[in-house]
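Beneath this line is the structure, given in structure tokens, with notes to follow.
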Amino acid sequence: MIRTYRFQRRAEIDIQKAFLWYREQSLAAARKWQQTIKAAVESPRTTADRHPLAAESTLLNVDIQELAVGKGNSTYRILYVKNDVLVTVIRLLHASRDELTEFDLELP
């Protein structure tokens, strides 16, 4: 099943901040990171049921799924919720960050 997807505002801000950080390092690195994230975000449209629940799911009592993207110190977590027709990306965070709380999320 192919779902449509959307980004919550906080996820858009996360992506912008990360892109700007990469751009300070290198424009080529920023573009490569952006392409990697764009391709990864497409994945839950067809494989949303295959990704594990994020650790935050238990704490918040909401099925938040997680897709890890990148390698080593460049790993990011794409956090999303889904239903039968829609994947909503709620955050994109560096993997080294602590787990989120209810104050860090805007659930649909």
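Here are a few things to note about the model shown:
- Residue pairs whose Cβ atoms lie under 6 Å apart, sitting 6 or more positions apart in sequence or on different chains, and linking a residue in region 14-27 that is within 22 Å of Tyr80 (Cα to Cα) to a partner that is part of a helix (DSSP H, G or I) and of a type outside the set (Val, Ile, Thr), are Phe19/Ala30; Phe19/Gln34.
- Selection of region 83-94 for residues being more than 18 Å from Ala39 (Cα to Cα) and either touching a strand residue (DSSP E or B) at 6+ places or on another chain (Cβ under 9 Å) or modelled with pLDDT under 75 (or both) yields only Val85.
- Residue match in region 64-72 (condition: at pLDDT 90 or above and touching an Asp or Glu at 6+ places or on another chain (Cβ under 8 Å)): yes
- Selected residue (criterion: nearest to Leu79 (Cα to Cα)) from residues of region 1-57 that are modelled with pLDDT of 85 or more and hydroxyl-bearing (Ser, Thr, Tyr): Ser57
- Against the numbered list (1) touching a residue at least 40 places away in the same chain (Cβ under 8 Å); (2) within 13 Å of the chain's Cα centre (by Cα); (3) within 20 Å of Thr4 (Cβ to Cβ), Leu100 comes up short only at (3).
The values are calculated or read from the model by the stated rules, or taken from the named source; none is laboratory data. Since the structure is predicted, the reported quantities are computational estimates derived from the model, not experimental observations. A quick note on method: Cβ atoms are made from the backbone with ideal geometry, for glycine too, and the neighbour counts reach across all protein chains shown.
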